[in-house]
Amino acid sequence: MKQKRNSSKRVKRVSKKETTQTTPSTDVRLNKYIANSGVCSRREADKLIEEGEIKVNGNVITEMGFKVKPNDTVYYKGKKLIPENNVYLLLNKPKDFITTTDDPENRRTVMDLIKTACKERIYPVGRLDRNTTGLLLFTNDGELAKKLAHPSHKVRKIYKVDLDKNITKEHFIQIQEGLTLDDGVAMVDNLAMIDGNRSQLGIEIHIGRNRIVRRIFEHLGYEVVKLDRVMYGPLDKLNLPRGKWRMLTEKEVIKLKHMN
């Protein structure tokens, strides 16, 4: 009987060891854990770690490549970090909504339009001004958001522009060749009239300076009556009504992440 009990104990010890051996597969690199918590990108997380800003189980961690185990607790500035699933959402923004996560004047924001979309904290990538409509991307993937916002990645954006009057041939050529504005030269990638209408234009641009499309036309004496972003990178508005949102497909997310 004693031999059987010992044998049983040996089996239990082996089972426990095997369970322990499979645990490391669920470990997560600390910088990824921080990024998935919505704090910043992985690269920025590396800086926080290096500067001693991150604690794991009460201990300051400065080791690059440190891995967080499932039962570990991670803190940044005294706040416990909780990683979230990455969410990617596309909104067809209507007019009269502010692109911000919070407005002190209590005006309507784009967050009001997506408040029932998910439990994760997502935020807009870039911005559209109050009177501009069209595609606006939201995510909690800090690394991708930073990539898309950086000028070096030249994210393609296409707008439909309605002007208050017909554009002249001279001004059309000037825009194509690049205009010098107060904050530098504004180069466009493509400019075309829509169905031959000289007051309705399609403009493709990758620079992301504030109100850049409106300022290009205002510089030449035109008023932009309507401005609608119809493409953002590989994303379009197909089957997405104004004021509605949808989650990106896995294929769309992969395209965004692998843009040059």
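The values are calculated or read from the model by the stated rules, or taken from the named source; none is laboratory data. Values in this document were obtained by computation on a predicted structure and should not be read as measured data. Glycine gets a Cβ as well: all are built from the backbone with ideal geometry, and neighbour counts include every protein chain shown.
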Name the single residue that is farthest from Arg156 (Cα to Cα) among those in segment 181-223 being of a type in the set (A, V, I, L, M) and exposed (fewer than 15 other Cβ atoms within 10 Å of the Cβ). Leu181
Just checking, which of Asp129, Asp182, Asp162, Asp103 is farther than 25 Å from Asn36 by Cα, acidic (Asp, Glu), in contact with a strand residue (DSSP E or B) (Cβ under 6 Å, 6 or more places away or on another chain) and at pLDDT below 95? Asp103
Members of segment 203-252 that are more than 21 Å from Glu177 (Cβ to Cβ), at pLDDT 95 or above and among the hydrophobic types (A, V, I, L, M, F, W, C): Val225, Leu227, Val230, Met231, Leu235, Leu240, Trp245, Met247, Leu248
Residues that are in contact (Cβ under 8 Å) with a residue 12 or more places away in the chain, closer than 29 Å to Arg108 by Cβ and under 16 Å from the mean Cα position of the chain (by Cα): find the helices (runs of 4 or more DSSP H) completely inside segment 147-260 holding 3 or more of those. 250-257
Within segment 135-147, identify whether any single residue is out of contact with any Phe, Trp or Tyr (no Cβ under 6 Å at 6 or more places or on another chain) and exposed (fewer than 13 other Cβ atoms within 10 Å of the Cβ), and answer yes or no. no
